[in-house]
Amino acid sequence: MHRITIVGSGFGALTAVKQLRASGLSADLTVVSPRAEFVYHPGLIWVPSGRRTGEDLRIDLKRFFKRQQVTHVAAEVTGLTNGGRTLETSVGSINNDGLVIASGGRFITKLPGIAHAITPCEGIAAAQAIRDRVRAMDGGTIAMGFAGNPNEPSSMRGGPIFEFLFGMDTQLRQEGRRERFKLVFFTPAERPGNRLGPKAVDRLLQEMARRGIETHLGHKLKGFSERQVTTEAGAFDADLIIFMPGMTGNAWFDATDLPRSPGGLLQADAQCRVPGFARVYVAGDAGSFPGPDWMPKQGHMADLQARAAARNLVAELQGQTPAATFRVELLCIVDANDSGMLVGRTRKFNIVLPSLRLFHWLKRAFEWWYLRKYR
């Protein structure tokens, strides 16, 4: 009976569990994460408008773990020893024959005054804070923006900011108070959303102009204050700042000898292996993978990488050569609370479809379909 440990309880971790069980490998599976729950981050965009509550998006995994015969250890990971065979945690050591690290990324919080901004993808509490702040406002300026990791530009998650931005515009219009608010989008990039493809950038900027959203583009951020965003080109006032910083690796990586990318993520090869560590794999935001610079940091990509990682780990445990790789594709609906823009990108094509009400409902239907297997 093989012992396999999985770090995390997000997209990549849960997909790894399902793939390992589907393989038929006889194994004891242990998942290590602070809580036996899954938070569906794509749905956070609907919390400010009240379309979703925190409990709608927080899934208790106890029944899923029971069905999959998984042992959950509620703990923080603190290190990795014995060549990857021993995971160190806040409740003790856990030995393994194979390890999948899917613990997500960590937002970079070095920008001066970043405590004055809300980072929406930090979780339910952050999305609720946006909801409550906007409800309490009679008017004013709401500034939303994102930045990347200067040492690894691809380590970022900017897409949700577009959704919070367009969704806020829709919400305020539906509430009959849009004219009392100024919406401002800011980013150091001159062409925001370039990872979605050139067509998407033009469409996004056109949509901002159509909605009367101001833009501050192409200037390096210097910091925030309680009521102001400061860039190298100057400062502008904001009553509420919503900001998505770049991402880096988990803090516990620093207590290991795992190889790191320039941006602080775990180095991985095309098979999702961590070089130099036998039967240690990584999936999702925690890893830096070979591929195009537009490779997204999103749940779909984490799922694809986790499937490859699980297949290769099974192959190794069965004495075979790991050969599975993952597709690199970006697929998302940029939602605006009542409509959505479909964006797809692979190595061969880039498609951007106009904003339609149908795509909003497709995004909601996908949420139901995706979560049903974990409830």
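Please treat every number below as a calculation from the coordinates, not as lab data. Please read all numbers here as calculations on a predicted model, not as lab measurements. When we count neighbours, we look across all protein chains shown, and the Cβ atoms used for this are built from the backbone with ideal geometry, even at glycine.
If you average the alpha carbon positions of the range 244-294 and of the range 31-77, how far apart do those two centres end up, in angstrom?
23
Need one number: nm distance between label points at ALA209 and THR109, each 7 Å from Cα along Cα→Cβ, rounded to one decimal.
Result for the modelled spin labels: 3.9 nm.
For the range 108-168, state which chymotrypsin sites (Phe, Trp or Tyr not before Pro) are in a DSSP loop and have at most 13 other beta carbons lying within 10 Å of their beta carbon.
Answer by residue number: there is no such site.
Taking θ as phi - 60°, what are the ³J(HN,Hα) couplings along the range 319-336 by the Karplus curve (6.51, -1.76, 1.60), each to the nearest whole Hz, with x for Gly and Pro?
Karplus-based 3J(HN,Hα) across the range 319-336 equals x, 9, 8, x, 9, 6, 10, 10, 6, 9, 8, 10, 9, 7, 10, 7, 8, 10 Hz.
With springs only between Cα atoms under 10 Å apart, run a GNM on the chain and tell me which of LYS199, LYS182, LYS110 wobbles the most.
The residue with the greatest mean-square fluctuation here is LYS110.
Of the chymotrypsin sites (Phe, Trp or Tyr not before Pro) in the range 266-375, which ones lie in a loop per DSSP and count no more than 11 other C-beta atoms within 10 Å?
Answer in residue order: PHE349.
Taking a threshold of 29 Å on the Cα-Cα distance, which of the pairs LYS182/LYS348; LYS18/LYS110; LYS18/LYS199; LYS18/LYS363 fall above it?
Numbers: LYS182/LYS348 39 Å; LYS18/LYS110 37 Å; LYS18/LYS199 36 Å; LYS18/LYS363 23 Å.
Going by Cα-Cα distance, LYS182/LYS348; LYS18/LYS110; LYS18/LYS199 fall outside the 29 Å limit.
Give the distance, in whole Å, between the Cα centre of the range 93-161 and the Cα centre of the range 321-375.
Comparing the Cα centres of the range 93-161 and the range 321-375, I get a distance of 21 Å.
Based on the Cβ-Cβ distance from ALA22 to LYS220, what FRET efficiency comes out when R0 is 51 Å, to the nearest 0.05?
In this case the efficiency is close to 0.65.
What's the FRET efficiency of ARG180 with VAL91 using the Cβ-Cβ distance as r and R₀ = 41 Å, to the nearest 0.05?
So, using R0 = 41 Å, E works out to roughly 0.20.
Against the longest principal axis of the chain, how steep is helix 198-211, in degrees 0 to 90 to the nearest 10, with axes from Cα atoms?
Tilt of helix 198-211: around 40 degrees.
Could you give the nm distance between label points at ARG35 and ASN151, where each point is 7 Å from its Cα heading toward the beta carbon?
3.1
At 222 nm, what value in deg cm²/dmol follows for the chain if DSSP H runs of at least 4 each add -39500 (n - 2.57) and the sum is divided by all its residues, to the nearest 500? Write down the numbers at each step before the final one.
Working: 8 runs with 100 residues, N = 375.
Mean residue ellipticity at 222 nm (helix-derived): -8500 deg cm²/dmol.
Give me the one-decimal nm value for the distance between modelled label points at ASP56 and GLN128, 7 Å along each residue's Cα-to-Cβ direction.
Label at ASP56, label at GLN128, 1.5 nm between them.
Multiplying the sequence separation of ALA365 and ARG67 by 0.36 nm and subtracting their Cα-Cα distance, what value in nm do you get?
Between ALA365 and ARG67, full extension yields an extra 104.9 nm.
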